[in-house]
Amino acid sequence: MVSSKQSEINKLISYILINQPVHYPDLMNLLEISRKKLAGYLKEIDNLLSDKNVYLVRKRNKGISFEGDKEELNQFLNKSINYLGPEDEKNSILLLLLLVNKEIMIDEICERYFLSRSTVDRIIKELKNKIQSYNLKIDNNQNGIFIVGDESTKRNLASRLILENYQESINNQQREIRIPSEFENIFQISMMDQVQKILSSFIEITKLDFEEYQYQSLLIHICILIKRIEVDEFLKNKKEDYSFYPETIILKKLLEEHFNIKIPNEEVEYLNIHIMALKEDGIRSPQLNQETIENKELRELKGLLINNLFEYDSQLINDLVIHLTSAIHRFKLNLQIVNPYKEQIIKKYYWAFNQAYELGKKLNEYYNIEISKDEVAYIAIHFQSYFERKGKSNKINIVIVCSTGVGTGRLLTQRIETFFSERITVKRVISVKELFSEPVTEDLIVSTVAIDYPGKKVILMSPIGDEESLGLLTMEVGNLQSRQNQGKLLSFLSPQAIFIDNSSQTRKEALKRIGEELIKLGVGKKEITQAIWEREQMGSTALAKYHVAIPHADPKYIKKSLISISIFPNGINWDGSLVYIAFLLGYSENDIKILPFNTIYQEFNKLISNKELIDKIKNSDSSKKVLDLIKQGL
């Protein structure tokens, strides 16, 4: 993936190569940029081609073109596409403001990034809003603009920006790091390479074992630390007594010797926090045995999960306790973690992410911490694994009927449970007489005597369970399981909950309308509108590829489960994605405990991935027609 700037330069080169000669207005319209910024890009192209046998030529009244070895230009273009690091000027400007120790003039930023004054003014305005949540603000005086706030907070935000745009590969058993080209002028790769060598020595000496996120976080922190020491900007702390791990002292000495600097205790303490988190995570057992369960901290966490999850199995609880014990510790230490798969998880495992989001709110309240979206996405993976396990383990309930007494029925029960322990639950063993004296609610009847029972499949089997009849039972169990959950999605649809929305112009207006309609229908509580919007702000629910959105409602605000469909004939800008249909997924607390979500979402994915069907739905003029189309599609 290319950086935004490199992508635009590549686009310029390609366009000129294909359409030459071209003129300034053509290129300005192509990228929607100013003449000044275009001039800067053309200058950069000159520099990129300085060692090649191809040249960018600008001739008055004739236009812009390339002359020389065009094949060499093509090779360069193909190679440059592998440049890593998605980012934009806004992040680069923010990083610059966070790491420099002086005011910066707006004109200096314009010149540095080839941006117009109005563009920089707009970016600064957006950055002011962005950093408010971090208790930082952008101030200005006659000497320029600068960020005001706690030094530790500045560093954490800078670290997060770099981690989000940081990519790494292994070449000849050596780590190779890449960050966006726009970042390199602020945050030198050469320094990162040096710090990596120091960390390699540190790991060899101490034998500490790093997870990837721990290594990356410490690497970035050290680089920021060194840069801030260079500009004489330290963390401030009034402590007089410090206690550091031996490993922290080793790391301090390695850094001081290599960079010829003196690291004050305030900075060493922050290094010590990283080492503390690393050592604490290493102490925590990877398995929940009886000894670890005795730990008060783990018992509290396990109890919190059991009391706040609508549904779970022992493996989900075990996995979450292991993951969260470490995560909670990191958040208490204010250490950053970035999930590179966050957006994919939010889009692909939307229900799992929603469950993880609700759990995150409980953790925030209980531990007085702020669980980030990155961490919620990691938690969602555990929920998704649980849903998939549950989908595979929906058991078929059977009743065993025997004519010669309970003894033979018990023998047959043992035989069946040996073969089908994961797929069947034997609910009852009864006589023929009992069979006809009360209704059969089980899915299947297994009988040792030939009988007919209206509306139920009967499998005839000998008391010892012969191989042929076990094969028939296997086939029927498979058929029942495949049919058991079909049509579950349709059961939550109703014409009354399908709306053609021509009035909403924004995502917020659309979500407000959805909440109000649910309240009118009597299926949503009054708090539902605000809850839907809060969930949406955690992460956009738009699936851009399908032009649909899937907002969620907290189960505690749903009186009766349903799926509401809102159609926007003209489309809505949904946090950058064009959306024509919003499927609100609302499930009550009771239904969440029993619904086969893996199967429901398989049906839902089948629905939204049918482009022809989605096009027909978005052009429908009645709720009945929409429902008929979905029934046909499924």
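Does residue 590 count as free of Cβ contacts under 8 Å to residues at least 24 places away in the same chain and over 23 Å from residue 500 (Cβ atoms)?
For residue 590, the condition - free of Cβ contacts under 8 Å to residues at least 24 places away in the same chain and over 23 Å from residue 500 (Cβ atoms) - is met.
For residue 400, work out the one condition from (1) at pLDDT 75 or above; (2) part of a helix (DSSP H, G or I) it doesn't fulfil.
Unmet condition: (2).
Which residues, counting only those in segment 27-53, are of a type in the set (S, T, N, Q) and exposed (fewer than 15 other Cβ atoms within 10 Å of the Cβ)? Outline the logic, then answer.
Filtering segment 27-53 down to residues of a type in the set (S, T, N, Q) leaves 29, 34, 47, 50, 53.
Across segment 27-53, the qualifying residues are 29, 47, 50, 53.
Of everything in segment 529-552, what is of a type in the set (Val, Ile, Thr) and modelled with pLDDT of 85 or more? Give them in sequence order. Working first, answer last.
Step one: list which residues in segment 529-552 are of a type in the set (Val, Ile, Thr), which gives 529, 532, 541, 548, 550.
Matches in segment 529-552: 529, 532, 548, 550.
Outside the structural domain of residue 158 (by TED's automatic domain parsing), in contact with a Leu (Cβ under 8 Å, 6 or more places away or on another chain), modelled with pLDDT under 80 and over 30 Å from residue 148 (Cα atoms) - does that describe any residue in segment 59-70?
Yes, segment 59-70 contains at least one residue that is outside the structural domain of residue 158 (by TED's automatic domain parsing), in contact with a Leu (Cβ under 8 Å, 6 or more places away or on another chain), modelled with pLDDT under 80 and over 30 Å from residue 148 (Cα atoms).
Need the failing condition index for residue 155 against (1) charged (D, E, K, R); (2) buried (at least 19 other Cβ atoms within 10 Å of the Cβ); (3) at pLDDT 80 or above, just the number.
(3)
State all residues of segment 413-442 that are more than 45 Å from the chain's Cα centre (by Cα), in a loop (DSSP other than H, G, I, E, B) and under 18 Å from residue 396 (Cβ atoms); if no residue qualifies, say none.
Answer for segment 413-442, where residues must be more than 45 Å from the chain's Cα centre (by Cα), in a loop (DSSP other than H, G, I, E, B) and under 18 Å from residue 396 (Cβ atoms): 439, 440.
Residue-by-condition table, conditions (1) touching a strand residue (DSSP E or B) at 6+ places or on another chain (Cβ under 8 Å); (2) at pLDDT 80 or above; (3) among the aromatic types (Phe, Trp, Tyr):
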position	(1), (2), (3)
1	no, no, no
12	no, yes, no
17	yes, no, no
26	no, yes, no
30	no, no, no
34	no, yes, no
37	no, yes, no
42	yes, yes, no
45	yes, yes, no
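Just a yes or no: is a residue in segment 553-560 part of a loop (DSSP other than H, G, I, E, B), surrounded by fewer than 23 Cβ atoms within 10 Å (Cβ to Cβ) and at pLDDT 85 or above? Give the steps one after another, and end with the answer.
As a first pass, look at segment 553-560 and keep what is part of a loop (DSSP other than H, G, I, E, B): 553-554, 559-560.
The next check asks that each one be surrounded by fewer than 23 Cβ atoms within 10 Å (Cβ to Cβ); those that pass are 554, 559-560.
Those left that are additionally at pLDDT 85 or above: 559-560.
Looking for residues that are part of a loop (DSSP other than H, G, I, E, B), surrounded by fewer than 23 Cβ atoms within 10 Å (Cβ to Cβ) and at pLDDT 85 or above, one finds at least one in segment 553-560, hence yes.
Can you go through 585, 578, 607, 595 and tell me which one is under 26 Å from residue 381 (Cβ atoms), of a type outside the set (S, T, N, Q) and either at pLDDT 90 or above or out of contact with any helix residue (DSSP H, G or I) (no Cβ under 8 Å at 6 or more places or on another chain) (or both)?
On inspection, the qualifying residue turns out to be 595.
Condition test on residue 263, is it among the β-branched types (Val, Ile, Thr), modelled with pLDDT of 80 or more and in a helix (DSSP H, G or I)?
no
Okay, residues lined up against (1) basic (Lys, Arg); (2) exposed (fewer than 13 other Cβ atoms within 10 Å of the Cβ); (3) over 14 Å from residue 541 (Cα atoms):
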{"residue": "581", "(1), (2), (3)": "no, no, no"}
{"residue": "591", "(1), (2), (3)": "no, no, yes"}
{"residue": "601", "(1), (2), (3)": "no, no, yes"}
{"residue": "604", "(1), (2), (3)": "no, no, yes"}
{"residue": "608", "(1), (2), (3)": "no, no, no"}
{"residue": "617", "(1), (2), (3)": "no, no, yes"}
{"residue": "620", "(1), (2), (3)": "no, no, yes"}
{"residue": "624", "(1), (2), (3)": "yes, yes, yes"}
{"residue": "632", "(1), (2), (3)": "no, yes, yes"}
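In segment 349-385, which residue that is among the hydroxyl-bearing types (Ser, Thr, Tyr) and within 17 Å of residue 329 (Cα to Cα) is modelled with the lowest pLDDT?
Looking at residues that are among the hydroxyl-bearing types (Ser, Thr, Tyr) and within 17 Å of residue 329 (Cα to Cα), I get 372.
Would you mind stating whether residue 82 is farther than 30 Å from residue 15 by Cα and modelled with pLDDT under 70? Spell out how you get there, then give the answer.
Values: farther than 30 Å from residue 15 by Cα: no; modelled with pLDDT under 70: yes.
So residue 82 does not fit the description; no.
The values are calculated or read from the model by the stated rules, or taken from the named source; none is laboratory data. These numbers were taken from a predicted model, which means no experiment stands behind them. So basically every Cβ, Gly included, is an ideal-geometry build from the backbone, and we count neighbours across all protein chains shown.
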